[in-house]
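The values are calculated or read from the model by the stated rules, or taken from the named source; none is laboratory data. Owing to the predicted nature of the structure, the values given are computational and were not obtained by experimental measurement. Backbone-built Cβ (ideal geometry, glycine too); neighbour counts: all protein chains shown. Only protein heavy atoms, including side chains, enter the accessible area calculation; ligands, DNA and RNA are left aside. Shrake-Rupley method; radii C 1.70, N 1.55, O 1.52, S 1.80 Å.
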Amino acid sequence: MEDCYKILGVKQDATAAEIRRAYRLKAKLLHPDSTGSDETAEEFRKLVKAYEILSDARQRSLFDESFFYKYKSKAYRSTESFDYRTWLLARNDQESRAKLIFFDLLHGREDDAVSEFVEMCKNHSDFRLADWFTREDFMDYGFILSEELVLRGEYYDAFILLEQIIRMEYTFNYFRLFFPEVLDLAKMILKNKLEGSVDDELCLDAWERALELGFGNKDDAFFLHKMAAVYRRMGDERTASICEEEAVKL
C-alpha cells in the first residue's frame, strides 16, 4: 500500500482544504491533457486514487488505521509556544483578519472562517481577500472558501468571491482543468440558490455582474429573464421590457 499523503505531498494532519489544493496543483501538472503525453498516466491514476481516499472521511480513517497503525508521526507539529491564531485574533486591521480567515479555513475551523468573512464583508465595503495574498493562494483558497459559503447558505458572498476568481482566471490562466468547476459553482448559485436567499436588489446586482463574465448567450438570456421578473415585481415595467428584449436577442 502506497502512502496517499506522500503521493499528494501533504502531511498526515492535512485539512480537507489542503488536500483539495494539493490535488488540484498536482493534477494540473500530471493530467495527460496538460502534459500532452501518456507517460504521466500512471502517476495521475495514483494521484486520483490517493485523492479519492483522503477526501472521503471514512476511507481516510481506514487508511490511517491500516497504514499508520504502529506509528503516527507528530514531527510536523510545532513545538513553539507562539500561538499565531491568538495573535491574529487580537488584531483588527484588515490584513490580519484576512489572514485569520484563511488560517481557520486550513486548520479545520471552516465555520469560523465563514463567519469572519461574512462579518468583514458586512462591516467593510472595501474588504477584499485578494489584497492580502498572492494571486495563486487567493484563487485556490478563495474557491475553497466559496464552497464552504455555499454549504452554509451564504450564496451572495460566495458568488462575489467567485466573480473575483473568474475575472482573474480570464487574465491569468491558472485553474485550467478545474476552471469548469468554478464556473459551474457560480452558475449553480446564480440560477438555483440566489433568489429567495437575498433581497431583490442583491439578486439584480449579482445577475448584472454575471452578464459581464462571459457565461454564454443561453445563460445570459436566463439571467435577463430573471432580472425582468424582478423589475416587474418592483413596478419597473420599462426596464423589465428592456431585459426581455435583450434576452430574446440572445
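Things worth noting here:
- Residue in region 148-161 that is modelled with pLDDT under 95, hydroxyl-bearing (S, T, Y) and assigned to a helix (DSSP H, G or I) present: no
- Residue within region 143-159 that is without any contact (Cβ under 8 Å) to a residue 40 or more places away in the chain, open to solvent by 20 Å² or more (accessible area, probe 1.4 Å) and under 19 Å from A210 (Cβ atoms) present: yes
- Of the residues making up region 208-215, not a single one is over 22 Å from the mean Cα position of the chain (by Cα), under 25 Å from D157 (Cα atoms) and open to solvent by less than 20 Å² (accessible area, probe 1.4 Å).
- The sole residue among K46, K70 that is modelled with pLDDT of 90 or more, open to solvent by 60 Å² or more (accessible area, probe 1.4 Å) and over 19 Å from the mean Cα position of the chain (by Cα) is K46.
- Filter pass, L105 being under 19 Å from I19 (Cβ atoms) and open to solvent by less than 10 Å² (accessible area, probe 1.4 Å): yes
- Selection within region 221-250 - closer than 24 Å to E169 by Cα and either part of a loop (DSSP other than H, G, I, E, B) or open to solvent by 20 Å² or more (accessible area, probe 1.4 Å) (or both): F222
- Of all the listed residues (K122, K99), the sole one being assigned to a helix (DSSP H, G or I) and open to solvent by 90 Å² or more (accessible area, probe 1.4 Å) is K122.
- Number of residues in region 166-199 that are hydrophobic (A, V, I, L, M, F, W, C) and not in a helix (DSSP H, G or I): the value is 4.
- Residue check for F178: aromatic (F, W, Y), open to solvent by less than 50 Å² (accessible area, probe 1.4 Å) and farther than 27 Å from A229 by Cα: yes
- Any hit, region 128-135, residues being under 19 Å from V230 (Cβ atoms) and crowded, with 18+ Cβ neighbours inside 10 Å: no
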